[in-house]
1. Here is a list: A:T93, A:T85, A:T59. Which entry is of a type in the set (S, T, Y), away from chain B (no Cβ under 14 Å) and touching a strand residue (DSSP E or B) at 6+ places or on another chain (Cβ under 9 Å)?
2. How many residues does region A:1-34 hold that are surrounded by fewer than 16 Cβ atoms within 10 Å (Cβ to Cβ) and within 15 Å of the chain's Cα centre (by Cα)?
3. Please state which of the following conditions B:A230 fails to meet, knowing it meets all the rest: (1) closer than 25 Å to B:S8 by Cα; (2) surrounded by 20 or more Cβ atoms within 10 Å (Cβ to Cβ); (3) modelled with pLDDT of 95 or more; (4) not acidic (D, E).
4. Do any helices (runs of 4 or more DSSP H) entirely within region A:74-170 hold 3 or more residues that are farther than 26 Å from B:E44 by Cβ and small (G, A, S), and if so, which?
5. Counting just the residues of region A:35-55 that are charged (D, E, K, R) and either touching a Leu at 6+ places or on another chain (Cβ under 6 Å) or under 19 Å from A:A286 (Cβ atoms) (or both), which one comes out surrounded by the most Cβ atoms within 10 Å (Cβ to Cβ)?
6. Across region B:210-231, what is the total count of residues that are within 16 Å of B:R261 (Cβ to Cβ) and free of Cβ contacts under 8 Å to residues at least 40 places away in the same chain?
7. So which pairs qualify, if the first residue must be in region A:17-46 and under 19 Å from A:V68 (Cβ atoms) and in contact (Cβ under 8 Å) with a residue 12 or more places away in the chain, the second must be surrounded by 15 or more Cβ atoms within 10 Å (Cβ to Cβ) and basic (K, R), the Cβ gap must be under 6 Å, and the two must be at least 6 apart or on different chains?
8. Cβ-Cβ under 8 Å, sequence separation 6+ or interchain: first residue in region B:121-150 and basic (K, R), partner crowded, with 19+ Cβ neighbours inside 10 Å. Which pairs?
Amino acid sequence: MTAQDTLDIQNLRLSFRNWSGSVEVLHGIDLRIARGERVALVGESGSGKSVTARIVLGTMQETPGARVSGRILFGGRDLDAMSRTERRAVRGTAMSMIFQDPTTALNPVYRIGTLVHEVLKRREPAITAEEARRRGGDILREVSIDDPERVLDSFAFQLSGGMNQRVMIAMSLINEPQLLLADEPGTALDVTVQAQTLKLMRDLVESHGTSVLFISHNLGVVREFADRIYVIYRGRIVERGPTAAIFEDPRHPYTRALLAAIPRLTGGGIPEIAERSDSFLAPMVAHEEVMG
Amino acid sequence: MTSEPILSVIDVTKRFTVGQRVVTAVDGVSFDVAEGECLAVVGESGSGKSTIANMILGLYPPSEGSLIFRGRDLPERRTLELRRQIQLVQQNPLSSLNPRRSIAASLRLALDVHGYGAPAERPGIIEDLLAEVGLDPHLARRSPAGLSGGQRQRVAIARALACRSDLIVLDEPTSALDVIVQARVLRLLEELRRAHGLTYIFITHDLSVVRNVADRVAVFQRGKLIEFAATARIFEDPGTEYTRSLISAIPVVSEEEAALRDSLARAGVP
C-alpha cells in the first residue's frame, strides 16, 4: 500500500522554540494520499493545516526555531533522507504548490512567459525559449485561456485575479507533478471565479492523474473537489473519511460544528454554535475506507 | 419596516477619472432602504457595490443624483451628527483598528469625537459596549494584535454602535473569518439589529449568508442595479441570468441544497 501512495505522512509533529522552551503546534498528524487521489485538509486558522503543507514542501524545516519530527514518504522515498539539493530539485517539478492569492504569488517584474520558462527549466534546464513558449501556450489553453499569446506577454498585474489564478494552476501543473499542494486557492477571488477555477482544477488534475492536498477552512468548498477529507483542529486530526461519509455522517463534534456553521442555501437562519468546546478535543473518528 | 425609507438613493451616478479615461463605477442607480431592514448588496468585484457604500458614508459625493437620509438631502460635507448616525464596519479589522491603540482607547475615541455621554460615564459605556458584543472586559486593555479575528471584528462592531448610530454599512464583515466565528458574528449582528432597531446595508459576495440574514437583496453588475427584491423571491425565482450565475457558484454542504442550487441555476436556460 505505502509504496503506491504519493504521500504518506506519519506521526508528524512541529514545535517552535521560544524563550520559555517550546510550543508544539502539530501533535502527531497521520495523512495519506494515494496516487491520483484528491484529499482535503480542512480546519480553522491556526489549526496547523498550512504548516502541514509547508512541511511537505520542505520550506518549514528551513524556518529558524521550527522543529519537525515524524516521517514523510513521497512516492515511497523518505523526504528527510534526501539532501537539501535533492529536496530543492523535487520542489516545482515532482511537487508544486498553488497559493491563496495568485496576484502576489506571481513575480511582478517578469512577464508570464518568462515565469513559465523558469518553471520549465527546473525540470529541463536546457529547454529553449521557443519550446517553453509553445508548451506554455498549450497548458494555458488547457486552463481555458483563449488568447495564450497575449497572456504570455503580460505581467501579472495586467491580468485579472481569475486569470492569474489560471496561470498559477497552469504553471503548477506544467511539469506534470505527482503532488499538487493547494492552499485555499481562490479564496481571494469572487465566488463565481472561484467556482470556475475549482472546476477547472478538478478536471485538470483528473486528466493528468495528479494527487492533490487541498487546504481549506470551508467544508463547503471541498465537497465537490475531494475524494477524502481530513478535519484538523488545534494540531490534531479529529475526523477522516471519504467525502460523502463526512458530509452525510459527521461524527466528531468539531466536524459537526464546522458543518452546522455554514449558512444554508435552503435558509433557516444562522444557528447558535459554540466557538470552543471540550467536546472538540474528543478522540479522532475514522470512517471505514474503501480503497481502490 | 415602516413606509418611510431611512435612505433613498435616487438616480445616482459616480464617475472616476483614471488618467485619460472616465470610468463609470455606478450608473444611474435608485433604491430605497427601509428603516430597520437588512439590505444585502451583492455583486462581483468592480460591480460598484463599495462605491455606493462610500457615497452613503460621505467619503465622496455622487457625480449625479442624490442621497436622501430621513427625508433630507445628504450634504457633501457631513455634519458630525450625520457621521454619528451612519457608521461603517469593514472587512478586515486588522486594518480598520489602530494597531497602536488599545481596544478601550479605540472605543473611547469614538465617544470623545462625538461627545457621547459625560466624560466620567464613558468608561462605563465602554464596558457595556464590550459586554454587548460578547467580549470579556479584561480584553479592553489589549491592542488589536492581542485578539483573535472574531474578537477584533466584535470591537469594530462595538465602535460602530458606540454612539447609537442608526444605519450601519457592513462591508464584507465576516468574509475574513473562520466559518464558526462567522456564524457567531452574524448572530451577534442580528441580535444587535433587533435590540436597537438598526438598519444594515450588508455588502457581500456570499449569497448563502445573504439567504440567511437579509430582508431584501440588491444585485449589482458593472455599476448597474440589475435586480432588487425580497430575499425569498431572489432565491425562489431569480430574475436575471447574472443572479442565477451567482447562485450557481455557491458552495453547498448537502444534497438538498445542491438540488435547489442546480434547479435555480437551470431555471433560466431555455
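1. Exactly one residue qualifies, and that residue is A:T59.
2. Residues in region A:1-34 being surrounded by fewer than 16 Cβ atoms within 10 Å (Cβ to Cβ) and within 15 Å of the chain's Cα centre (by Cα): 0 in total.
3. Every condition holds for B:A230 apart from (2).
4. Because the criterion is at least 3 residues that are farther than 26 Å from B:E44 by Cβ and small (G, A, S), the helices (runs of 4 or more DSSP H) in region A:74-170 that meet it are A:129-142.
5. In this case the residue turns out to be A:K49.
6. Qualifying residue count for the region: 2.
7. Within 6 Å, the pairs are A:L26/A:R13; A:H27/A:R236; A:G28/A:R13; A:L41/A:K49; A:G43/A:K49.
8. Filtered contacts from region B:121-150: B:R122/B:R108; B:R122/B:L111; B:R141/B:I103; B:R141/B:A104; B:R142/B:I103.
The values are calculated or read from the model by the stated rules, or taken from the named source; none is laboratory data. All values reported here derive from a predicted model rather than from experimental measurement. Note that each Cβ is placed from the backbone with ideal geometry, even for glycine, and that neighbours are counted across all protein chains shown.
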